[in-house]
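Student: Here it is: the structure, laid out below.
The values are calculated or read from the model by the stated rules, or taken from the named source; none is laboratory data. Model, not experiment: these values are computed from the prediction. Note that we place each Cβ from the backbone using ideal geometry, even for glycine, and neighbour counts take in every protein chain shown.
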Amino acid sequence: MSALDDVEGWLSADQAERLAARAAAVPSGGTIVEIGSFRGRSTIVLARAAPPDASVVAIDPHAGGDRGPQEFAADAERGDADHAAFAANLQAAGVADRVRHVRRESQVALEEVPGGIDLLYVDGAHRFTPALQDLVRWGDRVRPGGAMLVHDAFSSVGVTLAILVRLLAGGRFRYVGRSRSLAEYRRLPARLGARARLANAAAQLAQLPWFARNVAIKLALLSGRARLAVALGHRAEDPWPY
């Protein structure tokens, strides 16, 4: 975690530990894909934990939009600053030569990664449609036995809706658990049976009270009611619930 001390981002320590564990479990010569790098906090975790011969691909257009709470619109100057910070942070962490950065939007970058994926980390645009597209089109590339981790799950409205549409009743990914808003799914070699699918859906639906809490905290913060947000369980030192 010391390598992340000066790297801006929304990946907490417990989330970094889960992400690192999954990266370390990638088979020799495997492929790791990150969608949404911002300034490199999660990228550094993946690159440092991955096997030395694994491929680590970071996809982020660094267009200055979809980069944080209420920062949806593109801004070229802000994007270039993020890109420069991303490159500098990877260099400082000693992983610049371990990561291939694709500066394109995720849905036009599919051709940049041939073959299957052993670990997919999704933290791209949090609006419903692009989040769903990432789960569908990139999720389909995850190999059986591979993992898909989704940030802002059961926290962001758009991401949570995409999860409910794509993963709740589907039988291809099993919900493993979460570290705050970092949800982990495992790609199965065969579709779940009816009873197992019900259990898998129930495990995800059980996270909705936490989702409702996060939405309430965000509304309280947006309305300037910080004390109410804290009363709902928000930590005052965190800028946003994640």
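Student: Report yes if some residue within the stretch 83-101 is out of contact with any Phe, Trp or Tyr (no Cβ under 9 Å at 6 or more places or on another chain), closer than 20 Å to ARG141 by Cα and not polar (S, T, N, Q); otherwise report no.
Tutor: The answer is yes; a qualifying residue exists.
Student: In addition: Determine, yes or no, whether ARG186 is surrounded by fewer than 20 Cβ atoms within 10 Å (Cβ to Cβ), in a strand (DSSP E or B), assigned by TED's automatic domain parsing to the domain that holds PHE38 and of a type in the set (D, E, K, R).
Tutor: yes
Student: Can you tell me how many residues in the stretch 9-52 are hydrophobic (A, V, I, L, M, F, W, C), over 16 Å from LEU90 (Cβ atoms) and part of a loop (DSSP other than H, G, I, E, B)?
Tutor: Number of matching residues: 3.
Student: Further question: Among residues belonging to the stretch 121-134 that are within 19 Å of LEU11 (Cβ to Cβ) and in contact with a helix residue (DSSP H, G or I) (Cβ under 6 Å, 6 or more places away or on another chain), point out the one that is surrounded by the fewest Cβ atoms within 10 Å (Cβ to Cβ).
Tutor: HIS126
Student: Out of VAL142, VAL113, VAL99, I need the residue that is in contact with a strand residue (DSSP E or B) (Cβ under 6 Å, 6 or more places away or on another chain), in contact (Cβ under 8 Å) with a residue 60 or more places away in the chain and buried (at least 16 other Cβ atoms within 10 Å of the Cβ). Which one?
Tutor: That would be VAL113, the only listed residue that is in contact with a strand residue (DSSP E or B) (Cβ under 6 Å, 6 or more places away or on another chain), in contact (Cβ under 8 Å) with a residue 60 or more places away in the chain and buried (at least 16 other Cβ atoms within 10 Å of the Cβ).
Student: Are there strands (runs of 3 or more DSSP E) fully within the stretch 58-169 with at least 1 residues that are at pLDDT 95 or above, closer than 28 Å to PRO209 by Cβ and aromatic (Phe, Trp, Tyr)? List them.
Tutor: 117-122
Student: Report, by residue number, each residue of the stretch 26-35 that is under 21 Å from LEU135 (Cα atoms) and either surrounded by fewer than 21 Cβ atoms within 10 Å (Cβ to Cβ) or in contact with a Phe, Trp or Tyr (Cβ under 8 Å, 6 or more places away or on another chain) (or both).
Tutor: Once the filter is applied, which keeps residues that are under 21 Å from LEU135 (Cα atoms) and either surrounded by fewer than 21 Cβ atoms within 10 Å (Cβ to Cβ) or in contact with a Phe, Trp or Tyr (Cβ under 8 Å, 6 or more places away or on another chain) (or both), the stretch 26-35 yields GLY30, ILE32, VAL33, GLU34, ILE35.
Student: Then there's this: Based on this model, can you work out whether VAL159 counts as surrounded by 13 or more Cβ atoms within 10 Å (Cβ to Cβ) and closer than 19 Å to ILE35 by Cβ?
Tutor: Spelling it out, VAL159 is indeed surrounded by 13 or more Cβ atoms within 10 Å (Cβ to Cβ) and closer than 19 Å to ILE35 by Cβ.
Student: When only residues in the stretch 189-212 that are surrounded by fewer than 16 Cβ atoms within 10 Å (Cβ to Cβ) and not in a helix (DSSP H, G or I) count, which is farthest from the chain's Cα centre (by Cα)?
Tutor: Across the stretch 189-212, the extreme among qualifying residues is GLY193.
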